[in-house]
Amino acid sequence: MKYLVLIHLDEYVTEAPPEALLDAMIAHVADETHARVVTDAGLAPTAESIRVAPRDGKVTTTDGPFAEAKEVVGGFIMIDAPTREDAEAWTRGFVELHVANWPEIPDSFFTELRQVAGSLTDPE
């Protein structure tokens, strides 16, 4: 089963994560005990984004940054896990390594684990 791990963080946090955290994340991604990482990426700030939405029967675009955005999705990881429990264990481990390796971790940091329910291109 595929799961999406959404990584939320206050996008105005300017301090870079410690090198030890980056090393720990690489090791966590390589460990396939609970799940296999399918893909992952960090995201550019909303100041470099656009929002495309329907408004009054038309499609509109709005350049970022977005006034209401503070805590945003800062990155994502797609994992493949045999069970929900394995996906949760993998995600807990991911958050635990942040706690262990980033003593000043912002209070706004959290993850959201969502099972992928379907795909337009992958009938699996």
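The values are calculated or read from the model by the stated rules, or taken from the named source; none is laboratory data. Because the structure is a prediction, the values reported are computed rather than measured. Cβ: placed from backbone, ideal geometry, glycine included. Neighbour counts: every protein chain shown. Heavy atoms of the whole protein, side chains included, go into the accessibility calculation; ligands, DNA and RNA do not. Shrake-Rupley method; radii C 1.70, N 1.55, O 1.52, S 1.80 Å.
Of everything in region 55-80, what is more than 15 Å from Thr111 (Cα to Cα), in contact with a Ser or Thr (Cβ under 9 Å, 6 or more places away or on another chain) and aliphatic (A, V, I, L, M)? Give them in sequence order. Correct list: Ala69 only. Criterion applied to Val72, Val59 was being touching a residue at least 40 places away in the same chain (Cβ under 8 Å) and either assigned to a strand (DSSP E or B) or of a type in the set (D, E, K, R) (or both), and the one residue passing it is Val72. Output yes when any residue across region 94-115 is without any contact (Cβ under 8 Å) to a residue 60 or more places away in the chain, open to solvent by less than 80 Å² (accessible area, probe 1.4 Å) and outside any loop (DSSP other than H, G, I, E, B), and no when none is. Within region 94-115, one or more residues are without any contact (Cβ under 8 Å) to a residue 60 or more places away in the chain, open to solvent by less than 80 Å² (accessible area, probe 1.4 Å) and outside any loop (DSSP other than H, G, I, E, B). Considering region 30-47, the residues that are hydrophobic (A, V, I, L, M, F, W, C) and touching a residue at least 40 places away in the same chain (Cβ under 8 Å) include one that is surrounded by the most Cβ atoms within 10 Å (Cβ to Cβ), namely Ala35. When region 48-75 is limited to residues that are hydrophobic (A, V, I, L, M, F, W, C) and open to solvent by less than 60 Å² (accessible area, probe 1.4 Å), the one that is modelled with the highest pLDDT turns out to be Ala53. Taken over region 1-16, the residue count meeting the criterion of being outside any loop (DSSP other than H, G, I, E, B) and of a type in the set (Val, Ile, Thr) is 2.
Being of a type outside the set (A, V, I, L, M) and not in a helix (DSSP H, G or I) narrows it down to one of Asp40, Asp23, so name that one.
Asp40
Exactly one residue among Ala53, Ala67 is free of Cβ contacts under 8 Å to residues at least 24 places away in the same chain and part of a loop (DSSP other than H, G, I, E, B), and that residue is Ala67.
Screening the candidates Leu9, Leu4 for the property of being touching a residue at least 40 places away in the same chain (Cβ under 8 Å), in contact with a Lys or Arg (Cβ under 6 Å, 6 or more places away or on another chain) and surrounded by 14 or more Cβ atoms within 10 Å (Cβ to Cβ) yields one hit, Leu4.
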